[in-house]
Amino acid sequence: MESQPWSIHGEIIDTCNCEVICPCTMGAPATVGKCLGNVLWSIDQGRYGSVALTDLAVVLAVYAPGPKFDDGNWRVAMYGDERATAEQRDALETIFLGRAGGFFGHWRQLTAEVVGVRWVPISVERAGRKRTVRIGEVLDIEAEGITGPQAASCTQLVNPPFWKGAPFPANLGRSSRFRYQDFDLHWEAPGKACSFSECHYEGP
């Protein structure tokens, strides 16, 4: 697909096997030496050229062997919203696999292998401090934002060295369920780090 101007605005939900707070956001080595994560983007408003992407979703499964997340050599699997048309699928794959530049262009440089791309039903629930993401038998995430003395507000991480939703502050959470299995990738790490925030990206 020919490169077009694009933009995405919505919410990012990032869950991994690291302890809260995920040290990768601070540029430190992952808790257990490698970061195993699933990142969802729920697109509230989006466009690739003339192709509308609003109300679609994408999940990336990322195996980052570390010790730091941005050391590269990632193995990545992409899951796109099965409701997308052929044009929308081309656009989403072009953006999220980094071929359209911008934020994901840098991720493409860190990726050693794209394990596969699947178009699947993606279920997302965003209610108050609770977040759930499900893809059939492949992915199951349930998480809740952490609070402090101000119980109505999530604990936030502001202006860290690396947050996928920057410049928006990350709402810090903890998963109660986190399981992923597909291709030759598998991890299960409930009770670990989850962060979510508003997000905005554009390119090329």
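The values are calculated or read from the model by the stated rules, or taken from the named source; none is laboratory data. A quick note: this is a predicted structure, and the numbers were derived from the prediction, not measured. All Cβ positions, glycine included, derive from the backbone under ideal geometry; neighbour counts span all protein chains shown. Heavy atoms of the whole protein, side chains included, go into the accessibility calculation; ligands, DNA and RNA do not. Shrake-Rupley method; radii C 1.70, N 1.55, O 1.52, S 1.80 Å.
Observations on the model:
- Just one residue in the set Thr85, Thr94 is open to solvent by 50 Å² or more (accessible area, probe 1.4 Å), β-branched (Val, Ile, Thr), modelled with pLDDT of 95 or more and more than 14 Å from the chain's Cα centre (by Cα); that residue is Thr85.
- Which numbered condition Val76 fails, given (1) free of Cβ contacts under 8 Å to residues at least 40 places away in the same chain; (2) buried (at least 19 other Cβ atoms within 10 Å of the Cβ); (3) over 29 Å from Gly191 (Cβ atoms); (4) of a type outside the set (D, E, K, R): (3)
- Pick from segment 168-199, criterion of a type in the set (D, E, K, R), over 14 Å from Lys130 (Cα atoms) and assigned to a strand (DSSP E or B), ranking: most open to solvent (accessible area, probe 1.4 Å): Glu188
- The one condition in (1) among the β-branched types (Val, Ile, Thr); (2) over 26 Å from Gly102 (Cβ atoms); (3) buried (at least 20 other Cβ atoms within 10 Å of the Cβ) that Val133 fails to fulfil: (2)
- Test: residue in segment 92-102 that is assigned to a strand (DSSP E or B) and over 22 Å from Gly27 (Cα atoms): no
- For segment 12-45, a tally of residues being touching an Asp or Glu at 6+ places or on another chain (Cβ under 6 Å) and farther than 16 Å from Lys192 by Cβ returns 1.
Per-residue answers, yes or no, for (1) at pLDDT 95 or above; (2) touching a helix residue (DSSP H, G or I) at 6+ places or on another chain (Cβ under 8 Å); (3) in a loop (DSSP other than H, G, I, E, B):
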| residue | (1), (2), (3) |
| --- | --- |
| Glu137 | yes, no, yes |
| Glu142 | yes, no, no |
| Ala151 | no, no, yes |
| Pro160 | no, yes, yes |
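- Residue list for segment 48-63, filter: farther than 17 Å from Leu139 by Cβ, assigned to a strand (DSSP E or B) and of a type outside the set (Val, Ile, Thr): Tyr48, Ala52
- A single entry from Gly49, Gly10 fulfils the requirement of being at pLDDT 95 or above and in contact with a Ser or Thr (Cβ under 7 Å, 6 or more places away or on another chain): Gly10.
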